[in-house]
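Asks: Provided herewith is a single structure, encoded as C-alpha cells, for subsequent inquiry.
The values are calculated or read from the model by the stated rules, or taken from the named source; none is laboratory data. Quick caveat, the model's predicted, so the values are computed rather than measured. Cβ coordinates were reconstructed from backbone atoms using ideal geometry, including for glycine residues, and neighbour counts include every protein chain displayed. Side chains included, ligands, DNA and RNA excluded: accessible areas come from the protein's heavy atoms. Shrake-Rupley method; radii C 1.70, N 1.55, O 1.52, S 1.80 Å.
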Amino acid sequence: MNDFDRDAPSAEHLQADVETAMQDLNGHSTARSRRALLFGAAAASAALAACGKSKDAAVPAGSAGVASTASTTPVDSEIVFASATTMAQMIRDKKISARELLTACYARIDAVNPKLNAVVQFCRDRAYKEADAADAALARGQVSGPLHGVPMTIKDSWDTAEVISTGGTQGRAFFIPDKDATVVARLRGAGAILMGKTNTPEFTLGGVSGMGTTVNIIYGMSRNPYDQTRSTSGSTGGGGAIIAAGGSPFDIGTDFGGSIRGPAHANGIAGIKPTTGRVPRTGHIVDYGGVFDSYQQGGPMARRVEDLLLLMPILAGPDNKDAIIMPMPWADPGKVALKGLRVAWYTDMGSDDKGEATKPTAEVIETITRCVKHLEKLGCSVTASRPPDMMAIADISTKLREGDGNAWQKRLTEKYHTTVPGPNRRFDYPLIGTAEFTELLEQRDAWRAKMIAWVKDYDLIVCPPSTGPAPVIGSRDGEGKRGTGFTTTYNIAGWPSGVVRAGTSPEKMPLGVMLTAQPWREDIVLAAMSEIEREFGGWQKPTI
C-alpha cells in the first residue's frame with residue numbers, strides 16, 4: 001500500500017536501533033521494541049542464508065556473505081538498460097545468449113544493490129541452468145514463449161517455487177513455496193527466468209510509518225537509485241528501484257492503494273494497475289476474498305511502456321482459483337486512436353466540509369499541465385473535472401480498514417505464524433459496530449455508482465500520482481495532510497490506472513503522470529502512457 005501506517009518511531013533513533021537489533025534477533029533481549037529489529041535485519045539476515053533452507057538463498061545488500069554462482073563476466077554497458085521486448089528479440093536473433101544477458105543483469109545488480117537493498121533473495125544456480133537450457137533450446141529452433149531467456153525479478157510477496165518468499169513478515173523468514181504463484185508460473189511458462197525477489201513491506205501493507213519507504217524487519221530498508229537518501233515508495237519499492245537502476249528489466253508488483261503506481265512515480269519507471277478482476281492474485285501473501293477484495297490487483301512494472309504491453313496479455317485471465325477474475329478480452333492498445341478521446345484532468349482533490357485538499361508542488365502541476373496540453377494538441381477533448389467526493393471516500397475506506405480493530409491484519413500474522421509483526425502493526429484500533437460497518441460498505445458502493453455516472457463522459461483521466469517527488473527517508477512532512485491519496489481512488493473504484501515518468505523535480509527526482517480509464521480499458525491507459533513516454537522521454541538512467 002502506498003499510504004504507510006501511522007504513528008511510527010522517529011527516524012533519528014535508527015542508528016541506535018542497529019546496534020541493539022542483533023541482540024534481539026538472537027534472543028538476548030526480549031524486552032526491546034520491534035523497531036529495534038528493523039535496521040539490524042541486514043546483519044541478521046546472514047543467518048537466514050546460513051540456515052541451509054535454500055542453497056541459493058542470498059543475503060540482503062550490505063550484509064556479510066554472497067550467493068552462489070556470483071557474476072564474473074563484465075557487464076554490457078547498454079544491454080541491461082534495454083527493454084524486455086528488445087532483450088527478447090536479441091535472444092531470438094542470437095545477438096546475445098540468455099546466459100550472457102543473465103550474467104550482465106546479475107553483474108549490474110551486484111554493482112548497485114549494496115546501495116539500494118532492492119533485491120533480497122537470489123536463485124542464481126537455477127537461473128543459470130534455465131538460461132543454458134534456453135540457449136540449448138534456441139539452438140534446436142525451439143522458443144518457449146515471448147519472454148524466452150529474458151531475466152526478471154518478482155516482488156517478495158508472490159510465491160516462487162524453491163525460493164524463499166517472505167512477504168516481509170517474520171513468520172515466513174524461511175518459507176519456501178512448493179509452487180509458483182499464478183502470475184509467476186505464467187511468466188516462467190512464457191520463457192522468463194527468475195533472478196531473485198525484491199523487497200516489500202510486511203504483507204505489502206506498510207507497517208513502519210515515519211520511514212516512508214519500502215522496509216521490513218527481515219531485510220531492512222530499500223533506497224531510491226536517483227538519490228539514496230530518498231524513498232522508493234511502496235509497496236513494490238524494491239522492484240521499482242532495481243528496474244530503474246538497470247538490474248532487472250521488469251518485475252510484477254501488487255497495488256492495494258498505489259503500490260505499483262507509487263514506486264513507478266518515485267523511481268521514474270512505468271507501471272500499471274489493471275482493472276479489478278483482470279490478473280489472478282493466487283499465490284500472493286494477501287490473495288483474494290474479504291472486504292477489500294476489489295482493491296488489490298497485480299500488474300507489471302518496467303522501464304518502458306512497450307514491456308507493459310508485452311506482459312499484460314501473459315498475466316491476464318482466469319486461473320479457476322481466484323473467483324473474481326473475468327475472462328475479458330484483451331484489447332490491443334495499438335489500435336487506440338488518441339485523437340478524439342474525451343479527457344478529464346485535475347491536479348488536486350478539491351475540498352470538503354473539513355477543508356481544502358493538499359496542493360501538489362508547482363513542478364507536479366506543471367508536469368500534469370504539459371501532458372494535458374500535449375493530449376489536446378493531438379486532438380483530445382480536454383475538460384478540467386475531478387471525480388466526486390474523493391476525500392470523503394478516502395475517509396470511508398480508512399474507517400473500513402480500521403473498523404474491525406485491524407483484526408483482518410491480525411489474522412494474517414496468525415496465518416503465517418508471525419510472532420514479531422513489523423513496528424506499528426496495530427491491532428487496537430477502536431472497534432465500530434456492525435450497523436456502522438455495513439453502512440460504510442453501503443456508502444462505498446454508493447460512491448462507486450457516482451463514479452460510474454461521472455466517468456461516462458470521459459475516456460481518459462489525467463492527474464498526479466503524488467503531490468511531490470519521492471520524499472527523503474524518515475521525513476514526516478506529509479503526515480496529517482488530507483487529499484494526498486490520488487492512487488487509492490482508483491483502487492476503490494477498481495479501474496485501470498498507470499503511471500509513467502513525464503517530468504523532473506528541482507531535486508532531479510522523477511515526476512510521473514497517472515493515466516486512468518473506464519473499467520477494462522487498459523488499452524486506452526497504455527496507449528496514452530506510450531504517447532506521454534514518446535513525447536517526454538519516460539525513464540532516464542540514474543547516475544548510480
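Asks: Does Ser475 count as modelled with pLDDT under 95, polar (S, T, N, Q) and touching a helix residue (DSSP H, G or I) at 6+ places or on another chain (Cβ under 9 Å)?
Replies: Here the answer is yes, as Ser475 does meet what is asked.
Asks: A further question on this structure: Is there a residue in the stretch 116-125 that is modelled with pLDDT of 95 or more and surrounded by fewer than 19 Cβ atoms within 10 Å (Cβ to Cβ)?
Replies: Narrowing the stretch 116-125 to residues modelled with pLDDT of 95 or more: 116-125.
From the residues that got through so far, the ones that are surrounded by fewer than 19 Cβ atoms within 10 Å (Cβ to Cβ) too are 125.
Yes: the stretch 116-125 contains one or more residues that are modelled with pLDDT of 95 or more and surrounded by fewer than 19 Cβ atoms within 10 Å (Cβ to Cβ).
Asks: Another one. Which of the residues that make up the stretch 415-456 are of a type in the set (S, T, N, Q) and crowded, with 20+ Cβ neighbours inside 10 Å?
Replies: Across the stretch 415-456, the qualifying residue is only Thr418.
Asks: Please specify each residue of the stretch 222-232 satisfying the condition of being farther than 24 Å from Pro151 by Cα and either open to solvent by less than 10 Å² (accessible area, probe 1.4 Å) or in a strand (DSSP E or B) (or both).
Replies: Asp227, Arg230, Ser231, listed by residue number.
Asks: Would you pick out the residues in the stretch 276-293 that are under 17 Å from the mean Cα position of the chain (by Cα), more than 21 Å from Thr160 (Cβ to Cβ) and not β-branched (Val, Ile, Thr)?
Replies: Across the stretch 276-293, the qualifying residue is only Arg278.
Asks: What's the number of the only condition in (1) in a loop (DSSP other than H, G, I, E, B); (2) under 22 Å from the mean Cα position of the chain (by Cα) that Ala185 fails to meet?
Replies: (1)
Asks: Would you confirm whether or not the stretch 56-73 contains a residue that is at pLDDT 95 or above, small (Gly, Ala, Ser) and either touching a Ser or Thr at 6+ places or on another chain (Cβ under 8 Å) or in a helix (DSSP H, G or I) (or both)?
Replies: No, there is no match, as no residue in the stretch 56-73 is at pLDDT 95 or above, small (Gly, Ala, Ser) and either touching a Ser or Thr at 6+ places or on another chain (Cβ under 8 Å) or in a helix (DSSP H, G or I) (or both).
Asks: In the stretch 426-455, which residues are closer than 21 Å to Gln518 by Cα, touching a residue at least 24 places away in the same chain (Cβ under 8 Å) and among the charged types (D, E, K, R)?
Replies: Arg444, Arg448, Lys450
Asks: What are the residue pairs meeting all of these: first residue in the stretch 221-247, first residue within 25 Å of Pro423 (Cα to Cα), second residue basic (Lys, Arg), Cβ atoms under 6 Å, and 6 or more apart or on different chains?
Replies: Sorted first by the residue in the stretch 221-247, then by its partner, the pairs are Asn224/Arg230; Gln228/Lys115; Thr236/Lys155; Gly239/Lys155.
Asks: Just one of (1) closer than 20 Å to Gly257 by Cα; (2) open to solvent by 40 Å² or more (accessible area, probe 1.4 Å); (3) in contact with a Lys or Arg (Cβ under 6 Å, 6 or more places away or on another chain) trips up Thr487, so point out which.
Replies: Status for Thr487: all satisfied but (2).
Asks: Of a type in the set (A, V, I, L, M, F, W, C), open to solvent by 10 Å² or more (accessible area, probe 1.4 Å) and within 20 Å of Lys377 (Cα to Cα) - does that describe any residue in the stretch 529-542?
Replies: Checking the stretch 529-542: at least one residue is of a type in the set (A, V, I, L, M, F, W, C), open to solvent by 10 Å² or more (accessible area, probe 1.4 Å) and within 20 Å of Lys377 (Cα to Cα).
Asks: OK, next. Among the numbered criteria (1) more than 19 Å from Ser397 (Cβ to Cβ); (2) assigned to a helix (DSSP H, G or I), which single criterion is violated by Gly503?
Replies: Answer for Gly503: the failing condition is (2).
Asks: Would you say Thr153 is in a strand (DSSP E or B) and within 18 Å of Arg303 (Cα to Cα)?
Replies: Values: in a strand (DSSP E or B): yes; within 18 Å of Arg303 (Cα to Cα): yes.
Against the criterion (in a strand (DSSP E or B) and within 18 Å of Arg303 (Cα to Cα)), Thr153 qualifies.
Asks: Quick one: which residue in Gly485, Gly512 is outside any loop (DSSP other than H, G, I, E, B), in contact (Cβ under 8 Å) with a residue 12 or more places away in the chain, closer than 27 Å to Asp389 by Cβ and of a type in the set (Gly, Ala, Ser)?
Replies: From the options Gly485, Gly512, the qualifying one is Gly512.
Asks: Across the stretch 174-193, what is the number of residues that are buried (at least 23 other Cβ atoms within 10 Å of the Cβ) and among the aliphatic types (A, V, I, L, M)?
Replies: Adding up the residues that qualify gives 6.
Asks: Look at Asp389 and say whether it is more than 29 Å from Met312 (Cα to Cα), at pLDDT 95 or above and open to solvent by less than 60 Å² (accessible area, probe 1.4 Å).
Replies: Answer is no for this residue.
Asks: Now for a separate question. Filter the stretch 319-347 down to the residues that are closer than 30 Å to Glu376 by Cα and open to solvent by less than 20 Å² (accessible area, probe 1.4 Å) and list them by number.
Replies: Across the stretch 319-347, the qualifying residues are Pro333, Leu341, Val343, Ala344, Tyr346.
Asks: Also: Might you let me know whether the stretch 92-114 holds any residue that is buried (at least 24 other Cβ atoms within 10 Å of the Cβ), among the aliphatic types (A, V, I, L, M), touching a residue at least 40 places away in the same chain (Cβ under 8 Å) and outside any helix (DSSP H, G or I)?
Replies: no
Asks: Scanning the stretch 135-145 for residues that are in a loop (DSSP other than H, G, I, E, B) and open to solvent by 60 Å² or more (accessible area, probe 1.4 Å), which turns out farthest from Pro300 (Cα to Cα)?
Replies: By that ranking, first place goes to Arg140.
Asks: Now for a separate question. Select the helices (runs of 4 or more DSSP H) contained entirely in the stretch 300-405, then report the ones holding at least 3 residues which are within 23 Å of Thr504 (Cα to Cα) and in contact (Cβ under 8 Å) with a residue 24 or more places away in the chain.
Replies: Filter on the stretch 300-405 gives 305-315, 362-377.
Asks: Asp459 fails exactly one of the following numbered conditions: (1) surrounded by 21 or more Cβ atoms within 10 Å (Cβ to Cβ); (2) modelled with pLDDT of 95 or more; (3) touching a helix residue (DSSP H, G or I) at 6+ places or on another chain (Cβ under 7 Å). What is the number of that condition?
Replies: If we test Asp459 against (1) surrounded by 21 or more Cβ atoms within 10 Å (Cβ to Cβ); (2) modelled with pLDDT of 95 or more; (3) touching a helix residue (DSSP H, G or I) at 6+ places or on another chain (Cβ under 7 Å), just (1) comes out false.
Asks: Related question: For the stretch 294-318, give me the residue count where each residue is open to solvent by less than 30 Å² (accessible area, probe 1.4 Å) and acidic (Asp, Glu).
Replies: Final tally of qualifying residues: 1.
Asks: Return the residues of the stretch 156-172 that are assigned to a loop (DSSP other than H, G, I, E, B) and surrounded by fewer than 24 Cβ atoms within 10 Å (Cβ to Cβ); say none if nothing qualifies. Even if it seems obvious, please write down each step before you answer.
Replies: First, pick out the residues of the stretch 156-172 that are assigned to a loop (DSSP other than H, G, I, E, B): 156-157, 159, 161-162, 164-169.
Scanning the stretch 156-172 gives Ala161, Glu162.
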